[in-house]
Amino acid sequence: MRTSLLSIIALLISTSIFAQIKVPEIKGKEVSISDDVIFHQLDEHTWVGSGHVMAGESLYLLEGNDRALLIDCGTKIANLDKVVAAITKKPVMLVATHVHPDHVGSASCFPEIYINPADTVNIPSFLANFKGAVKYLKDGEIIDLGGRKVEVLFTPAHTPGATTYIDKSAGYGFSGDSFGSGNLLLTGTFKQLIATCEKTSAFMEKNAIKFFYPGHFFGKNLETKQRIYDLILLSKDVLSGKVKGQENPGEVLGLNLIVSQYGVRINYNERALYNK
């Protein structure tokens, strides 16, 4: 990895589209606001929190009859456990879409975190100071919140352990950075990305999933089946040589090349071309 963690944070701060914490593009009632995060209500039992440190990082709170699920926990949110407790009185289970610092940075507010075991390679860098228990999920696992079930879908490519959480009854899910929020950082390979997109598209089609809320949600950048299909098209174009990568002036995580087509953008390096 060419770029240090501090450099990554500095770059993402400098390129954040947030001028301030408030996100007027997100529809829904403001239910909580602090110096570090603002929560909007998405529906009766679902909320999105918007941080303002690393490109408007998003965290999602889902409530069932018995407990709640917090998907990601932002970069640096003071007393996040208390912020969440003011929204729901249910006990909270913390899960991560992946273990980059803008998604697990406030994990210390909670006694345990659940992740895809494939992301354990990143724990020394991004969960090094977490004193709680790190527990592992299984692909296809069902998290039962009581009257509301969330299915775990492993969607690697952004990181080895990138994971999407899907509420089939509601017809939507939460994909973190698996599909890029419009600007994918591909640390895996194009072959892996194609496989993930095909797996996800099939799941969405079979279960009538309309969209995913992304890891950096600004109100108009939902992950749709069309966007996932466009990622497949662009990936195949790169592998066939039809589209050539250009030098990436905003290089981060050693991703020195970039391609943009079909309304999607992928940052990658030469290793992404390997047939693995």
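The values are calculated or read from the model by the stated rules, or taken from the named source; none is laboratory data. These numbers come from a predicted model, not from an experiment. FYI the Cβ positions are ideal-geometry reconstructions off the backbone, even for glycines, and counts take in every protein chain you see. We work out accessible area using only protein heavy atoms, side chains counted, and drop any ligands, DNA or RNA first. Shrake-Rupley method; radii C 1.70, N 1.55, O 1.52, S 1.80 Å.
Looking across the stretch 36-60, the residues that are part of a strand (DSSP E or B) and either surrounded by fewer than 18 Cβ atoms within 10 Å (Cβ to Cβ) or of a type in the set (Ser, Thr, Tyr) (or both) come down to Asp43, Thr46, Ser50, Ser58, Tyr60. Could you please let me know if Ile33 is among the β-branched types (Val, Ile, Thr), in contact with a Gly (Cβ under 9 Å, 6 or more places away or on another chain), modelled with pLDDT under 95 and surrounded by fewer than 24 Cβ atoms within 10 Å (Cβ to Cβ)? Taking the combined requirement at face value, the residue does not satisfy it. Filter the stretch 148-157 for residues that are under 16 Å from His103 (Cβ atoms) and out of contact with any helix residue (DSSP H, G or I) (no Cβ under 7 Å at 6 or more places or on another chain); which is most open to solvent (accessible area, probe 1.4 Å)? Out of the qualifying residues, it is Phe154.
For every residue, the table says whether it meets (1) in contact with a Pro (Cβ under 9 Å, 6 or more places away or on another chain); (2) crowded, with 18+ Cβ neighbours inside 10 Å; (3) part of a strand (DSSP E or B); (4) of a type in the set (Ser, Thr, Tyr).
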{"residue": "Tyr114", "(1), (2), (3), (4)": "no, yes, yes, yes"}
{"residue": "Val121", "(1), (2), (3), (4)": "yes, no, no, no"}
{"residue": "Asp139", "(1), (2), (3), (4)": "no, no, no, no"}
{"residue": "Gly146", "(1), (2), (3), (4)": "no, no, no, no"}
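Does at least one position in the stretch 206-220 carry a residue that is farther than 23 Å from His103 by Cα, modelled with pLDDT of 95 or more, outside any loop (DSSP other than H, G, I, E, B) and of a type in the set (A, V, I, L, M)?
Taking every residue of the stretch 206-220 in turn, none turns out to be farther than 23 Å from His103 by Cα, modelled with pLDDT of 95 or more, outside any loop (DSSP other than H, G, I, E, B) and of a type in the set (A, V, I, L, M).
With Gly263, Gly245, Gly241 as the choices, which residue is more than 23 Å from the chain's Cα centre (by Cα) and on the phi > 0 side of the Ramachandran plot? Outline the logic, then answer.
Values: Gly263 fails: more than 23 Å from the chain's Cα centre (by Cα); Gly245 fails: on the phi > 0 side of the Ramachandran plot.
Step by step, each of Gly263, Gly245, Gly241 is checked, and only Gly241 is more than 23 Å from the chain's Cα centre (by Cα) and on the phi > 0 side of the Ramachandran plot.
The number of residues in the stretch 108-157 being within 23 Å of Gly188 (Cβ to Cβ) and free of Cβ contacts under 8 Å to residues at least 12 places away in the same chain comes to 3. The listed residues are Lys236, Lys242, and the only one of them that is farther than 12 Å from Leu185 by Cβ, part of a loop (DSSP other than H, G, I, E, B) and open to solvent by 20 Å² or more (accessible area, probe 1.4 Å) turns out to be Lys242.
When Ser125, Ser32, Ser108 are checked against the criterion of being more than 27 Å from Asn183 (Cα to Cα), in a helix (DSSP H, G or I) and over 16 Å from the mean Cα position of the chain (by Cα), Ser108 stands alone in meeting it.
Taking each residue of the stretch 250-273 that is modelled with pLDDT of 95 or more and looking for partners that are open to solvent by 40 Å² or more (accessible area, probe 1.4 Å) and not in a loop (DSSP other than H, G, I, E, B) with beta-carbon atoms closer than 6 Å, six or more apart or interchain, yields Ile258/Gln246.
Residues Ile266, Ile258, Ile209: which one is open to solvent by less than 80 Å² (accessible area, probe 1.4 Å), among the aliphatic types (A, V, I, L, M) and touching a Leu at 6+ places or on another chain (Cβ under 6 Å)? Steps first, please.
Working: Ile258 fails: touching a Leu at 6+ places or on another chain (Cβ under 6 Å); Ile209 fails: touching a Leu at 6+ places or on another chain (Cβ under 6 Å).
Step by step, each of Ile266, Ile258, Ile209 is checked, and only Ile266 is open to solvent by less than 80 Å² (accessible area, probe 1.4 Å), among the aliphatic types (A, V, I, L, M) and touching a Leu at 6+ places or on another chain (Cβ under 6 Å).
The single residue among Gly173, Gly132, Gly188 that is over 18 Å from Ile232 (Cα atoms), under 17 Å from the mean Cα position of the chain (by Cα) and of a type outside the set (A, V, I, L, M, F, W, C) turns out to be Gly173. Checking every residue in the stretch 183-203 against the condition of being touching a residue at least 24 places away in the same chain (Cβ under 8 Å), at positive phi, surrounded by fewer than 22 Cβ atoms within 10 Å (Cβ to Cβ) and out of contact with any strand residue (DSSP E or B) (no Cβ under 7 Å at 6 or more places or on another chain) gives zero matches.
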